[in-house]
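*Asks:* My questions all concern the structure below.
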Amino acid sequence: MTKKIVVTGGAGYIGSHVCVELINAGCEILIIDDFSNTHPEAVNRIREIAPGNISLLQCDLANAAQAEEIIEGVKAFGADGAIHLAGLKAVGESVAEPARYYTVSAMLTLVRALEAANARTLVFSSSATVYGELNDNPVKEDGKTGPENPYGRTKLFIEEILKDLSRGNENWRIVNLRYFNPVGAHPSGRIGEDPNGVPNNLFPFIAQVAVGRRDKLMVFGDDYTTRDGTGVRDYIHVSDLARGHVAALDYLSAQKTGGATDINLGTGTGYSVLEAISAFKRASNRDIPYEIAPRRDGDVAEIYANAELAKTLLGWRAEKTIEDMCADHWRWQSDNPDGYES
Ligand code: WQD
């Protein structure tokens, strides 16, 4: 097992859960986060849930003036590898302000830091967004790529850069994890998703309606060719997703040769928007008023994962149900109605 792991974006929604699972697996971690879209309180909560050896470097990987500090920090930490999650993640914002999203230099600074530490092991936070529209479900890793927006393209471009790295130096061991739709929260209710402003994604929006912060949910389209007309997605519990990162590091440390592998992290099961609403209603015992609205630009009718490769290579599979996802998401939302500012 790789022991000293750098987690960029470690204070974020997925990052905080990854940190907890790494500590539980016996790793020491160095979180690199600039708190531009995250909250320092998340680091306190990680320490509370999973006491262990957790260092913090408050830096912006995309800021060239901070690159040397990051490289020195990673070297001094004695890193064995890294999980790269830092980055912006709002699809709509990426369309409006693409230049903020094409910060490939952030990833390259991390690459330089890992080279300086002689630790060429990297797990990259990619996304199912890299897939094009034309794939049959469940989608396999060799499905056609063709992201619809700058956010998705940055994920695909970085995957490609990492493949080039592994072609150039056989010591690079890389996994690109293609996340489906992460939802839920740590069962303690102490860490969870804390979106800035109006949530773009379904679960944080439903949760804010349930807790009374918003009046109603807009369901984007009920005329898709799906079982109830609403969009179908592969929702995955964030703790299952986080365990997938630990499994990916274990896999990489067992590899005799380098390479870069794309792996889906999903459950393999799709739920519609209306099914998600019903499940959340049951879990929260709150009403979730909703209204049918026009389709959202860029949405596909249905996408869910073929999750077999993760089983075969990583020995990992998602264990938590949609009921667990809703119960844990609700516990986080109701215990922290205003997120980390609560
Ligand atoms: C799910 C379903 C919506 C909001 C996006 C990104 C992806 C990843 C996760 C990461 C769809 C419907 C949503 C609402 C709704 N990004 N919906 N009302 O679009 O599958 O994936 O988020 O950081 O890269 O593309 O997830 O949660 O936005 O939507 O009806 O208010 O819920 O139309 O069918 P999506 P989502």
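The values are calculated or read from the model by the stated rules, or taken from the named source; none is laboratory data. A quick note: this is a predicted structure, and the numbers were derived from the prediction, not measured. Cβ placement follows ideal geometry from the backbone for every residue including glycine, while neighbour counts extend to all protein chains displayed. These accessible areas exclude ligands, DNA and RNA; they are computed on the full protein's heavy atoms, side chains included. Shrake-Rupley method; radii C 1.70, N 1.55, O 1.52, S 1.80 Å.
*Asks:* Considering only the stretch 226-296, give the strands (runs of 3 or more DSSP E) lying wholly within it that have at least 3 residues that are under 23 Å from the mean Cα position of the chain (by Cα) and surrounded by fewer than 24 Cβ atoms within 10 Å (Cβ to Cβ).
*Replies:* Numbers: elements: 235-237, 259-265, 290-293.
Correct list: 259-265.
*Asks:* Please determine, by comparing only the residues of the stretch 274-311 that are within 22 Å of Ala90 (Cβ to Cβ) and of a type in the set (Lys, Arg), which one is farthest from the ligand (Cβ to nearest atom).
*Replies:* Arg295
*Asks:* Can you name every residue in the stretch 312-335 that is of a type in the set (Val, Ile, Thr), away from the ligand (no atom under 16 Å from the Cβ) and in a helix (DSSP H, G or I)? Can you show your working first?
*Replies:* Restricting attention to the stretch 312-335, the residues satisfying the condition of being of a type in the set (Val, Ile, Thr) are 312, 321-322.
Now restrict to residues that are away from the ligand (no atom under 16 Å from the Cβ): 312, 321.
Listed by number, the list holds a single entry, Thr312.
*Asks:* Read through the list (1) open to solvent by 30 Å² or more (accessible area, probe 1.4 Å); (2) within 16 Å of the ligand (Cβ to nearest atom); (3) more than 24 Å from Ile32 (Cβ to Cβ); (4) touching an Asp or Glu at 6+ places or on another chain (Cβ under 9 Å), then give the number of the only condition that Asp142 fails.
*Replies:* Against the list (1) open to solvent by 30 Å² or more (accessible area, probe 1.4 Å); (2) within 16 Å of the ligand (Cβ to nearest atom); (3) more than 24 Å from Ile32 (Cβ to Cβ); (4) touching an Asp or Glu at 6+ places or on another chain (Cβ under 9 Å), Asp142 comes up short only on (2).
*Asks:* I need every pair where a residue in the stretch 322-342 that is closer than 16 Å to Pro195 by Cβ and touching a residue at least 60 places away in the same chain (Cβ under 8 Å) has its Cβ under 6 Å from the Cβ of a residue that is outside any helix (DSSP H, G or I) and among the hydroxyl-bearing types (Ser, Thr, Tyr), sequence separation at least 6 or different chains.
*Replies:* As it stands, the answer is Asn336/Ser342, since those pairs meet every condition given.
*Asks:* Any idea how many residues of the stretch 22-44 are buried (at least 22 other Cβ atoms within 10 Å of the Cβ) and farther than 17 Å from Ala86 by Cα?
*Replies:* 1
*Asks:* Only one of (1) open to solvent by less than 50 Å² (accessible area, probe 1.4 Å); (2) touching an Asp or Glu at 6+ places or on another chain (Cβ under 6 Å) fails for Pro187. Which number is that?
*Replies:* Of the numbered conditions (1) open to solvent by less than 50 Å² (accessible area, probe 1.4 Å); (2) touching an Asp or Glu at 6+ places or on another chain (Cβ under 6 Å), the odd one out for Pro187 is (1).
*Asks:* Out of everything in the stretch 209-223 that is open to solvent by 60 Å² or more (accessible area, probe 1.4 Å), within 17 Å of Arg233 (Cα to Cα) and over 25 Å from the mean Cα position of the chain (by Cα), what residue ends up being farthest from the ligand (Cβ to nearest atom)?
*Replies:* Here the residue is Asp223.
*Asks:* I'm told Val198 meets every condition in (1) within 12 Å of the ligand (Cβ to nearest atom); (2) in contact (Cβ under 8 Å) with a residue 40 or more places away in the chain; (3) not aromatic (Phe, Trp, Tyr) except one. Can you identify the failing condition by its number?
*Replies:* Among (1) within 12 Å of the ligand (Cβ to nearest atom); (2) in contact (Cβ under 8 Å) with a residue 40 or more places away in the chain; (3) not aromatic (Phe, Trp, Tyr), Val198 violates only (2).
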